[in-house]
Amino acid sequence: MHRRRQGIGGWIATVLLTLYCLIALVLIGNMILSSVKTKQDLLFNTFGLPHQISLENFRQILVKDALFRNFLNSIILTMCSILSLVFVSSMTAYGLARYRFKGRNALEFYFLLGLMFPIQIAILPLFIIMRTLSLTNTFLGMVLLYTANMSFSLFIFNQFFKELPSALHESAIIDGAGEFAIYWRIMMPISKPVLFTVMTVSFVQIWNDFYLPLVFLTKRSLHTLTLAIYQYLANFLAYWNFVFAAATLALIPVIVVFLVFSDQIISGLAAGSIKE
Amino acid sequence: MTKSKAYIGFITPGFILYSLFMIVPLGFAIYYSFFNWSGMGAMDFIGLDNFRRIFFDERMGRIFRNALGNNFRYMAIAVCIFIPIQIAMAYLIHLRIRGHNFFRLMIFLPYVISPSIIGFFALLVFDPHIGMLNTLFLTLGLPQLVNAWFGNPDIAFFVLVGVIGWNGIGVGMVIILANMKNIPDDVVEASIIDGASVWQRFWHIELPFLKPSIVNVVVLSSIFALTQFDIPFIVGGLNGGIDGKLDFLNLMFFRYTFGDAYFGETALGFGAAISVVSFSIILCIALLQKLVFNRLFDR
């Protein structure tokens, strides 16, 4: 249906979009190149190609500055949070989508309120609750928070479970499977596509999250990579060769996940917000 | 669907977590906002005094109006400028112009970059001394274009808005793009046969199909605008940048709630009042937009 032929307008649009996309390419490319430059090279050859590839910046930040710790923190926190989020939100969505009971619609609406109010809005009472439960400065507390912030993934799972034929459930019951076994052994395996969507979108969001770690992880040894980079930025001019290396380290996992799963991330985000 | 009590077991863990950490805090925020409380020790009931301070206290009122004004200005730019750009980008990709897959990927890409790194990029580009932009202008022999950017109160806000927009523009675009796939082919083909120009086809035939996604992007962008924090905080600092040009409601809230190290006092009650005001505004704006759009579109 679409025209392959491009008019003059099409060419102008292509050029404009190309220029726009160059911004990201230049910034990311420059960051990666700069991360392997020596400090001298960076100072006198700021935007050029590196004269020699040096991993000194990485060694310095990972070993001497213990950024490795922050990297591990980010990995552990993100992985645990995703697993917990996927498990709890899919289970809740399953309960909402596959069972008939009084107040089901109201409960579904209740669970989707979180799409409208970002968790930051009530951060202060949240902080007090977390402090009362001794969950500030703990990964457990963070995992619970990321799990509680489940409206988006719950919505995605809910849509999926609702569309499954009910015969699936009935035949499983006839086979004598328990309710949890049906969810775990039958429903979860067939929900793989949405599972990936939820996991990748959450990965990007949790890995990059700035606000919750800023508020709840004040101990330096618990800082995530995002926070560590923020700390470096405070002394930007003194350490900018390190910031390049740290930023490269933080960005590469996300870029890899994005390039591999871009379709899931993009379609997932789009599906999560069209819900008229 | 099944009738069985098993749903209770499935829903309870999620219900408890979600209620405790997402919904209960909203209620508590309202409660705390009536107290003068530092976060420890005695809570002093002072009625609506925190709200009076936000709106009418000379110094606070000015800070509040400035911050809220910035939120609203950002929202206006997001709705009036970013959304048309998002629609245009989505449409070009929908028309499968040359390289559309690449464009879709690259326009979306900044969204996956963490705010700290976005802040770092902003410094790299806009730093007055070593920034790429000023260096570029000097190299091209255009010294009159050299600017202090974030250090220039006249344009700091717009530079920041540009940075935030670059970061997030892809999300709205893909939402609208997904909606474009729902436009029925036969309607579009009929218009092509009838000799409609690209512009007529877009304006009269395709745009009306995009209402649901555009409404959603408007609401989402507005919520996003009213809860701005990360990038302004990283780029402009806790005090809201030069002359408060980069101050936002959430930054003000953070300053008075968690900023004890900087201001020598924590005022949790006052902070709670700020957050109550901000979620009331979000609720009103979101409801208002839904209402207006429903009126406009369901004639």
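Any residue at all in segment A:104-112 that's free of Cβ contacts under 8 Å to residues at least 60 places away in the same chain and surrounded by 21 or more Cβ atoms within 10 Å (Cβ to Cβ)? Looking for residues that are free of Cβ contacts under 8 Å to residues at least 60 places away in the same chain and surrounded by 21 or more Cβ atoms within 10 Å (Cβ to Cβ), one finds at least one in segment A:104-112, hence yes.
Of all residues in segment A:170-185, those that are among the hydroxyl-bearing types (S, T, Y) have Cβ atoms under 6 Å from Cβ atoms of residues that are in a helix (DSSP H, G or I), 6 or more apart or on another chain, in A:Y183/A:Y94. Report yes if A:I76 is out of contact with any Asp or Glu (no Cβ under 9 Å at 6 or more places or on another chain), away from chain B (no Cβ under 11 Å) and on the phi < 0 side of the Ramachandran plot, otherwise no. Yes, satisfied.
Of everything in segment B:53-66, what is assigned to a helix (DSSP H, G or I) and either out of contact with any helix residue (DSSP H, G or I) (no Cβ under 8 Å at 6 or more places or on another chain) or in contact (Cβ under 8 Å) with a residue 24 or more places away in the chain (or both)? Give them in sequence order. B:R53, B:I54, B:F56, B:E58, B:R59, B:R62, B:I63, B:F64, B:R65, B:N66, listed by residue number.
Out of everything in segment A:138-183 that is aromatic (F, W, Y) and within 11 Å of chain B (Cβ to nearest Cβ), what residue ends up being farthest from the chain's Cα centre (by Cα)? Within segment A:138-183, the match that is farthest from the chain's Cα centre (by Cα) is A:F180. Criterion applied to B:D154, B:D186 was being part of a helix (DSSP H, G or I) and without any contact (Cβ under 8 Å) to a residue 24 or more places away in the chain, and the one residue passing it is B:D186. Residues of segment B:71-94 that are β-branched (V, I, T) and under 14 Å from the mean Cα position of the chain (by Cα): B:I77, B:V79, B:I81, B:I83. Of all residues in segment A:195-226, those being within 11 Å of the chain's Cα centre (by Cα), aromatic (F, W, Y) and farther than 20 Å from A:V243 by Cα number 1. Screening B:F45 with (1) aromatic (F, W, Y); (2) within 14 Å of chain A (Cβ to nearest Cβ); (3) farther than 27 Å from B:P232 by Cα gives one miss only, at (2). Can you say whether A:Y20 is facing chain B (nearest Cβ under 9 Å) and farther than 30 Å from B:H94 by Cα, as far as the supplied structure shows? No; evaluated as a whole, the condition is false for this residue. All of (1) touching a Gly at 6+ places or on another chain (Cβ under 7 Å); (2) at pLDDT below 90 hold for B:V146 with one exception: (1).
Taken residue by residue, segment B:98-114 has at least one member that is more than 24 Å from A:T46 (Cβ to Cβ) and in contact with a His (Cβ under 9 Å, 6 or more places away or on another chain). Do we find a residue being modelled with pLDDT under 90 and either over 24 Å from the mean Cα position of the chain (by Cα) or farther than 28 Å from B:Y111 by Cβ (or both) anywhere in segment B:168-182? Yes, some residue in segment B:168-182 is modelled with pLDDT under 90 and either over 24 Å from the mean Cα position of the chain (by Cα) or farther than 28 Å from B:Y111 by Cβ (or both). Applying the criterion of being polar (S, T, N, Q) and closer than 25 Å to B:V219 by Cβ to the residues of segment A:104-137, the residue that is farthest from the other protein chains (Cβ to nearest Cβ) is A:N105. The set of residues in segment A:59-94 that are more than 21 Å from the chain's Cα centre (by Cα) and either within 25 Å of A:F161 (Cα to Cα) or buried (at least 19 other Cβ atoms within 10 Å of the Cβ) (or both) comprises A:I61, A:Y94.
Where in segment A:156-273 are there helices (runs of 4 or more DSSP H), lying fully within it, with 1 or more residues that are among the acidic types (D, E) and over 30 Å from A:T136 (Cβ atoms)?
Details: elements: A:166-174, A:192-208, A:211-216, A:225-234, A:236-273.
The qualifying helices (runs of 4 or more DSSP H) are A:166-174, A:236-273.
Take residues that are more than 10 Å from chain A (Cβ to nearest Cβ) and tell me which of the helices (runs of 4 or more DSSP H) falling wholly in segment B:67-141 contain 3 or more.
Numbers: elements: B:83-94, B:100-108, B:115-126, B:132-139.
Of the helices (runs of 4 or more DSSP H) lying wholly inside segment B:67-141, those with at least 3 residues that are more than 10 Å from chain A (Cβ to nearest Cβ) span B:83-94, B:132-139.
Quick check on B:F15: is it under 26 Å from A:A181 (Cα atoms), surrounded by fewer than 20 Cβ atoms within 10 Å (Cβ to Cβ) and facing chain A (nearest Cβ under 8 Å)?
Values: under 26 Å from A:A181 (Cα atoms): yes; surrounded by fewer than 20 Cβ atoms within 10 Å (Cβ to Cβ): yes; facing chain A (nearest Cβ under 8 Å): yes.
Yes; evaluated as a whole, the condition is true for this residue.
Looking across segment B:139-176 at every residue that is closer than 24 Å to A:I265 by Cβ and of a type in the set (A, V, I, L, M), the one that is surrounded by the most Cβ atoms within 10 Å (Cβ to Cβ) is identified as B:M173. The set of residues in segment B:225-256 being of a type in the set (G, A, S) and more than 16 Å from the chain's Cα centre (by Cα) consists of B:G236, B:G237, B:G240, B:G241, B:G244.
The values are calculated or read from the model by the stated rules, or taken from the named source; none is laboratory data. Worth saying up front: this structure is predicted, and the values here are computed from it rather than measured. Here Cβ is always computed from backbone atoms with ideal geometry, including for glycine, and neighbour counts include all displayed protein chains.
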